[in-house]
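A.B. asks: Here's a structure for you.
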Amino acid sequence: MGFSTDAIHAGQKADLETGAVITPVYLTSTYHQPELGVHKGYEYGRTHNLTRAALEANIATLERGKYGIAFASGLAAIHSLMSLLKSGDHVIVTDNVYGGTYRLFELIMTDFGISFSWVDTSDVKNILAEIKPNTKMVYVETPTNPMLTLTDLEAVANLCKEKNLISVVDNTFMSPYFQRPIELGIDIVLHSTTKYLNGHSDIIGGIVVTGVEKIHERLRYIQNAAGAVPSPFDCWLTLRSTKTLAVRMDRHNENAMKIAEYLKKHPKVKKVFYPGLPEHPQHELAKKQMSGFGGMISVEFDTFETAKQFLNNAKVFTLAESLGGVESLLCHPISMTHASVPKEKREKFGLTEKLVRFSVGIEDVEDLIADIEQAIK
Ligand SMILES: *Cc1c(COP(=O)(O)O)cnc(C)c1O
């Protein structure tokens, strides 16, 4: 089936009891067992929930993976991946990842004996150079947050297969509508469903998708044993939201392209980071591995004063953390999402106080551009 058809139908059947077209929210912690040792495959809410199972099947289909494993947040999903490893293992990570991922790895997982190499994965040679005898996993974010640097997913998948490493991609920024790493040979895709997949800024959630049975078995075990499961209602909201993912993503993409074009001509803008612009250094790779460029733009203003004035005066754009919702948001990464990343590290990849990140929503683009214009003036 096509993407939009799957987005609306995959994982969902009419309710057996009533014929309800929409999968119900199964608010139950336990299930009746008619006889000792006999049940319908549902025993306890942490282990089994039908609303959650429907969401997992839906997103797994959209990512073209076989299995989805849902978690209470994107970070809980990432944390579950760390449980695939053992003390003494080593992971190679994209240097400019989501700030919370950096915090989890460097400030928590290192206490458990897992070590990390932070490398610029936009050149696969840098990954190869860091592989050690104890390397077990390569963890990539593309495009990165907030610099929008790309990593060649096919090259990473091939390298990991050759070296017997688990390949992981955080696909939050693109959503499966624009990028499907599993089709390119990647083992594991994860999302903060808080962002585009849910898209309405009203839940916190995460999911891991894989096509590899052994990884699925272990993650399913971890999901139940560690217990960071999402609520049935949050699963239901996300399942409702993926139905409109295709139309939302098209509009995010269209609006972001127009805003990037506008910003690039603005006299107070020094640089626009958007993979859809022909001057993006990896525009060709973007066209090869993505079917759209998404709704995220980063902008370097001429001075911090301009950036601050813009952030304080925007009216349609809201100054807030997070991204991927229908409403447009602005973020100042160094004081908000990336505050826990050390200064030297940030400056290495150009993350300065003049940088503002835009999550372009699906409002009328004329209103968004007019808002930018009035706020900078
Ligand atoms: C938000 C985000 C996360 C963390 O997800 P939460 O749902 O906030 O826990 C991970 N990766 C990326 C790229 C994100 O944007």
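A.B. asks: Please list Glu17, Glu261 in order of solvent-accessible area, largest first, computed with a 1.4 Å probe with all protein chains present.
C.D. replies: I get Glu17, Glu261, largest accessible area first.
A.B. asks: A further question on this structure: Just to be sure I understand: with springs between alpha-carbon atoms less than 10 Å apart, which residue in Asp187, Asp152, Asp367 has the highest mean-square fluctuation in the Gaussian network model of the chain?
C.D. replies: Asp367
A.B. asks: Once Rh is set to the Kirkwood radius over Cα pairs, what Stokes-Einstein translational diffusion coefficient, in µm²/s, holds for region 154-218 at a temperature of 20 °C and a viscosity of 1.002 mPa s?
C.D. replies: 171 µm²/s
A.B. asks: Top mean-square fluctuation among Pro232, Pro181, Pro267, Gaussian network model of the chain, C-alpha springs under 10 Å?
C.D. replies: Of Pro232, Pro181, Pro267, the Gaussian network model singles out Pro267 as fluctuating most.
A.B. asks: Note down the relative contact order for the chain as a percent, whole number, built from C-alpha pairs under 8 angstrom at least six residues apart.
C.D. replies: The normalised contact order for the chain reaches 18 percent.
A.B. asks: Continuing with this model, one more query. Quick one: which residues, 5+ away or cross-chain, put their amide H under 5 Å from the amide H of Ile114? H built at 1.01 Å from N.
C.D. replies: Gly88
A.B. asks: Rolling a 1.4 Å sphere over the protein heavy atoms, what is the accessible area per residue of region 246-376, to the nearest Å²?
C.D. replies: 43 Å²
A.B. asks: Leaving out same-chain residues fewer than 8 places away, which lysines sit with a Cα under 17 Å from that of Lys315?
C.D. replies: Cross-link targets: Lys377.
A.B. asks: Give me the Debye-computed log₁₀ of I(q)/I(0) at q = 0.17, 0.18, 0.25, 0.32 Å⁻¹ for region 1-49, equal point scatterers on Cα only, no solvent, two decimals.
C.D. replies: Results for region 1-49 at q = 0.17, 0.18, 0.25, 0.32 Å⁻¹ read -0.69, -0.75, -1.01, -1.13.
A.B. asks: Over region 101-242, what is the mean sequence separation of C-alpha contacts under 8 Å (at least six apart), divided by residue count, expressed as relative contact order in percent?
C.D. replies: Averaging sequence separation for qualifying contacts and normalising by length gives 15 percent for region 101-242.
A.B. asks: How much accessible area does Lys343 have with a 1.4 Å probe, in Å² rounded to the nearest 10?
C.D. replies: Surface open to solvent at Lys343 totals about 120 Å².
A.B. asks: Sticking with this structure for a sec: Give me the distance between the Cα centres of region 244-301 and region 137-161, rounded to whole Å.
C.D. replies: Result: 19 Å between the Cα centres.
A.B. asks: If you roll a 1.4 Å probe over the heavy atoms of the protein chains, what accessible area per residue do you get for region 77-236, in Å²?
C.D. replies: 36 Å²
A.B. asks: Something else: Where the accessible area of the chain is counted over protein heavy atoms with a 1.4 Å probe, how much of it, in %, is carbon and sulfur?
C.D. replies: Of the solvent-accessible surface of the chain, carbon and sulfur hold 55 percent.
A.B. asks: Divide by every residue of the chain the summed helix terms, -39500 (n - 2.57) for each DSSP H run of at least 4, and state the resulting mean residue ellipticity at 222 nm, rounded to the nearest 500 deg cm²/dmol.
C.D. replies: Helix-only estimate at 222 nm: -11000 deg cm²/dmol.
A.B. asks: To continue, here is another question. With the dipole of region 246-376 worked out from charges on the C-beta (+1 for Lys and Arg, -1 for Asp and Glu) around the Cα centre, which of Pro278, Val360, Gln309 lies farthest toward the positive end?
C.D. replies: Working it through, the farthest residue towards the positive pole turns out to be Pro278.
A.B. asks: Can you give the accessible area of Lys66 in Å² (nearest 10), computed on protein heavy atoms with a 1.4 Å probe?
C.D. replies: Around 140 Å² of this residue is reachable by solvent.
A.B. asks: Which of the three applies to the chain, rounded, prolate or oblate, going by the alpha-carbon gyration tensor with a ≥ b ≥ c and a/c under 1.5 meaning rounded?
C.D. replies: Values: a/c = 1.90, a/b = 1.32, b/c = 1.44.
Note, shape of the chain comes out oblate.
A.B. asks: Compute the whole-percent fraction of alpha carbon pairs in region 1-153 spaced more than 26 Å apart.
C.D. replies: On the way: 5391 of 11628 pairs.
Every Cα pair in region 1-153 considered, those over 26 Å come to 46 percent.
A.B. asks: Continuing with the same structure: Classify region 219-286 from the C-alpha gyration tensor, please: rounded if a/c falls under 1.5, else prolate or oblate depending on whether a/b exceeds b/c.
C.D. replies: Prolate shape, in that a/c is at least 1.5 and a/b is the bigger ratio.
A.B. asks: Below 8 Å between Cα atoms, with a sequence gap of 6+, how large is the relative contact order for region 246-376 in percent?
C.D. replies: So the answer I get is 30 percent.
A.B. asks: Strictly over 19 Å apart at the Cα level, which of Lys268/Lys308; Lys214/Lys243; Lys271/Lys308; Lys243/Lys287; Lys66/Lys125 would you flag in this model? Walk me through the numbers before you get to the answer.
C.D. replies: Details: Lys268/Lys308 12 Å; Lys214/Lys243 29 Å; Lys271/Lys308 16 Å; Lys243/Lys287 25 Å; Lys66/Lys125 30 Å.
Cα-Cα > 19 Å for Lys214/Lys243; Lys243/Lys287; Lys66/Lys125; rest within.
A.B. asks: Which order do you get for Arg180, Arg103, Arg240, Arg248 if you rank them by accessible area with a 1.4 Å probe, largest at the top?
C.D. replies: Values: Arg180 60, Arg103 115, Arg240 90, Arg248 10 Å².
Listed by decreasing accessible area, they come as Arg103, Arg240, Arg180, Arg248.
A.B. asks: Which of Gly100, Gly37, Gly19 moves most in a GNM of the chain, Cα contacts under 10 Å?
C.D. replies: Of Gly100, Gly37, Gly19, the Gaussian network model singles out Gly37 as fluctuating most.
The values are calculated or read from the model by the stated rules, or taken from the named source; none is laboratory data. What you see is a predicted model, and the numbers here were worked out from it, not measured in a lab. No Cβ is skipped: glycine too gets one built from the backbone with ideal geometry, and neighbour counts run over all protein chains shown. Accessible surface is based on the protein model in full, side chains and every heavy atom, while ligands, DNA and RNA are left aside. Shrake-Rupley method; radii C 1.70, N 1.55, O 1.52, S 1.80 Å.
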